[in-house]
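First the structure, in the form of structure tokens, and then the observations on it.
The values are calculated or read from the model by the stated rules, or taken from the named source; none is laboratory data. Because the structure is predicted, anything quoted here is derived from the model rather than measured. We place every Cβ from the backbone using ideal geometry, glycine too, and count neighbours over all the protein chains shown.
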Amino acid sequence: MVNKPVMELRWDPTLGEWVLVSNIRRFRPWQPSNYCPFCPGNPETGYGWRALILENRYPMLMENPPEPSNHWFYRTGKSVGRCYVVVETPEHNIDDISDLSIDQIEYVLNMIIDKVREESGRAYAHYFLWFRNKGREIGVSLTHPHSQIYVLPFTPSRIERELNNAKEYFNNYGRCLFCDILSAELKDSVRLIYSNDYWVSFMPFYSHWPFEIHIYPRRHVQLITEITKDEVKDLAEILKVSLCGLKHIFNKSMPYVLVLHQAPLKGDYPYYHLHIEIYGILREEDKIKYAAGMETGGGNFTYDSVPEENAQRIRDSVTRNCTHKGQ
């Protein structure tokens with residue numbers, strides 16, 4: 001039985017990827033009904049703010065972590081990094097970020113962009129992962145609207161796969177893989193969800209999750225710090241519209257995971273293309289898509305519908321419910 005704090009990276013030699021281990025996480029509050037640490041007036045929050053970025057009190061990584069254990073066979077590493085919580089609004093009873101104004105979403109995005117710049121100079125900061133978990137079905141421990149940031153000492157394995165495939169594609173064809181995906185989706189048009197001057201949202205031809213949305217910038221950029229003020233504003237709009245459509249497909253709000261995919265902070269990756277991926281997990285109102293035997297054990301997803309049909313359902317939802325998307 002381990003009674004002391006343990007925080008370390010453990011290398012999986014069979015898959016070639018790191019596992020983050022932290023028994024500190026088991027002490028975090030789980031969906032408390034009598035208080036909210038993210039509401040205004042609490043010790044960490046205070047008053048007079050529009051949004052906050054706070055240190056996570058129950059992190060997977062920290063700037064000065066304990067020394068990792070030594071094992072006679074397995075490889076371990078130091079869990080050096082940072083974990084933050086992005087409190088997106090002072091209002092507690094907001095169901096989703098799509099219920100916020102475009103101006104407020106833009107404000108939050110600019111805070112995250114500033115944090116990328118701040119963290120990029122740290123020696124251990126190899127990757128900046130911004131993600132948002134929505135819904136109890138996902139395992140959200142606190143319901144106040146928030147997202148999270150992990151500043152990692154390594155590049156996540158999913159991003160590594162994208163980088164490797166994008167580099168191979170570029171070497172073979174001399175073009176960006178993601179730019180060609182965007183061109184294909186624009187040409188087909190049947191999986192498009194919404195677009196504006198600078199961004200396009202669509203359900204990929206190869207969707208894994210029932211209601212999966214990808215948001216691509218029209219311009220080829222690698223890091224979110226490279227986008228302009230106008231692109232930030234349009235990103236806020238397309239996030240609002242896309243998530244609004246996702247939310248209203250069913251009578252119950254859609255649980256989802258949203259993740260920013262960008263290039264690593266260290267190195268040069270001209271063949272990579274920043275984008276956002278959103279995974280809506282309901283197949284139908286009362287049916288969750290689980291990552292079960294084939295997905296978890298085999299590593300390949302099954303899709304129980306047709307992406308083109310589900311893309312139409314999101315577009316219909318946008319038309320019905322998101323007419324005030326510009327506000």
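Looking at region 100-120, which of its residues are farther than 14 Å from residue 146 by Cβ and either of a type in the set (Phe, Trp, Tyr) or in contact with an Asp or Glu (Cβ under 9 Å, 6 or more places away or on another chain) (or both)?
Matches in region 100-120: 102, 106, 107.
Quick one: in region 114-166, which of the residues that are aromatic (Phe, Trp, Tyr) and closer than 30 Å to residue 93 by Cα is nearest to the chain's Cα centre (by Cα)?
131
Would you confirm whether any residue within region 8-16 is exposed (fewer than 12 other Cβ atoms within 10 Å of the Cβ), without any contact (Cβ under 8 Å) to a residue 24 or more places away in the chain, of a type outside the set (Asp, Glu) and within 15 Å of residue 142 (Cα to Cα)?
no
Quick check on region 70-81. Is at least one of its residues among the charged types (D, E, K, R) and either more than 25 Å from residue 157 (Cα to Cα) or free of Cβ contacts under 8 Å to residues at least 60 places away in the same chain (or both)?
For region 70-81, residues among the charged types (D, E, K, R) and either more than 25 Å from residue 157 (Cα to Cα) or free of Cβ contacts under 8 Å to residues at least 60 places away in the same chain (or both): absent.
So that you can scan it fast, the table gives a plain yes or no per residue for (1) free of Cβ contacts under 8 Å to residues at least 60 places away in the same chain; (2) in contact with a Ser or Thr (Cβ under 7 Å, 6 or more places away or on another chain):
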| residue | (1), (2) |
| --- | --- |
| 83 | no, no |
| 93 | yes, no |
| 117 | no, yes |
| 131 | no, yes |
| 139 | yes, no |
| 142 | no, no |
| 152 | no, no |
| 172 | yes, no |
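Say whether the condition of being modelled with pLDDT of 95 or more, under 19 Å from residue 252 (Cα atoms) and out of contact with any Pro (no Cβ under 9 Å at 6 or more places or on another chain) is met by at least one residue in region 268-278.
Within region 268-278 (the criterion being modelled with pLDDT of 95 or more, under 19 Å from residue 252 (Cα atoms) and out of contact with any Pro (no Cβ under 9 Å at 6 or more places or on another chain)), the answer is yes, since at least one residue qualifies.
Tell me, which strands (runs of 3 or more DSSP E) lie completely within region 192-246 with 3 or more residues that are under 19 Å from residue 133 (Cβ atoms) and in contact with a Gly (Cβ under 8 Å, 6 or more places away or on another chain)?
Counting at least 3 such residues, we get 211-217.
Among the residues of region 119-145, which ones are closer than 20 Å to residue 262 by Cβ and not charged (D, E, K, R)?
Hits for region 119-145 are 120, 121, 123, 124, 125, 126, 127, 128, 129, 130, 131, 133.
How many residues, within region 84-98, are assigned to a strand (DSSP E or B) and aliphatic (A, V, I, L, M)?
Residues that pass the stated criteria total 3.
Please specify each residue of region 167-191 satisfying the condition of being under 23 Å from the mean Cα position of the chain (by Cα) and part of a loop (DSSP other than H, G, I, E, B).
176, 191
Of (1) without any contact (Cβ under 8 Å) to a residue 40 or more places away in the chain; (2) under 13 Å from the mean Cα position of the chain (by Cα), residue 260 satisfies all except one. Which?
(1)
Only one of these conditions is not met by residue 20: (1) part of a loop (DSSP other than H, G, I, E, B); (2) under 14 Å from residue 82 (Cα atoms); (3) not polar (S, T, N, Q). Which number is it?
(1)
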